[in-house]
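S.K.: Just dropping this structure here.
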Amino acid sequence: MRCRSLLVLLFAHLLVGLHAQRASLNPFDIEARLPKQALEASDAPASLAHSEVAANPFNVVPHRRADAAVRTDPPAALQPVQEIATRSAFGPSLSEENIFWLLVVLLAFLAFAVASKRDIVVKSWRAFLNDNALNVALREASGLIGSTPYYLLYASFLLNAGMFVFLIARHFNPETFNRIGFLILCLLGTPLLFIGKHTLLYLIGSLFPLQAEMRRYNFLIMLFNCVLGLFLMPFNFLLANQRPYSGFLVFWLLALAGIFYLYRYLRASAIASKFLPQHLFHFLLYLCSVELAPVLILVKWAVGSS
């Protein structure tokens, strides 16, 4: 009799436990993997579900994703670091309007250089084509008054050459080189490069008995660059617009500059013709170290930067 009573009490206790649990919910089921209909059928108020989860340690609650704004937005402390990392080393970028007004300033300086002596362009062009005109221009360029128009025209070339290098580099890699820092580097680096070359030629003429020849060669370089600067000025305006024909124009201008310098070397060879038979090794040494090496270094630097 006592055993029967204990069995009845145990059965009643099990019935109470089963009644407290939802009939359609298994504590070992993973709710995220249950069919949608089963979840809808076994839905209960939030308070009841929370109490069941807290009561049954085997219940698996589906993972809730965090808010999208919290997940995607970086911390506020990291935003300045990201801005500094994406900023170019050459500073802020340049707009088309800024480049246009800078070219207008260079054009005004060229007009001032031409106005300093009305026939300076004609004399430079004649000396560019003829050796006799070159000798006449060299004699007229003696003294401060005679040489000032040539120096002004040469300064215009140096500025336009720096602008030309900037526009060429910007054409191949605008994201890196369309910066105000790189523009200043081109406008200052080009004059320093040519001034260093003229200084080296002057030192060679002073150390060796070549003073007259080096003076003539220095003037030849300056004269040819003055003529080249007259051609670069209008083409810089065309390159600054970045039209569909800019790619063809870039290579055409590079070929034109190469033709200019080849013609200058041919004219310069007449100056060194009397030294070639006896000093061929020294001439080749000068040609490689002074004429070719700086150009190759600049080309390698430009290719590596782009």
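S.K.: In whole Hz and in residue order, list the ³J(HN,Hα) couplings for the stretch 106-112 that follow from phi through the Karplus curve 6.51 cos²θ - 1.76 cosθ + 1.60, θ = phi - 60°; x for Gly and Pro.
M.R.: 5, 5, 5, 5, 5, 5, 5
S.K.: Pairs LYS123/LYS300; LYS117/LYS300; LYS197/LYS274; LYS123/LYS274: which are spaced more than 32 Å apart, C-alpha to C-alpha? List each step's numbers first, then the result.
M.R.: Working: LYS123/LYS300 36 Å; LYS117/LYS300 39 Å; LYS197/LYS274 23 Å; LYS123/LYS274 27 Å.
Table pairs above 32 Å Cα-Cα are LYS123/LYS300; LYS117/LYS300.
S.K.: Going by average Cβ neighbours within 10 Å, how do the peptides 230-239, 274-283, 202-211 rank, with the highest at the top? Write down the numbers at each step before the final one.
M.R.: On the way: 230-239: 17.5, 274-283: 11.1, 202-211: 13.1.
Most protected by this proxy first, the peptides run 230-239, 202-211, 274-283.
S.K.: How much length is gained if the chain between ILE259 and ALA293 is pulled fully straight, taking 0.36 nm per residue apart and subtracting their Cα-Cα distance, in nm to one decimal?
M.R.: 10.4 nm
Since every read-out is calculated from the coordinates, none of them should be taken as a lab result. Remember, predicted model here, so these are calculated numbers, not experimental data. Note: ideal-geometry Cβ built from the backbone for every residue, glycine included; neighbour counts use all protein chains shown.
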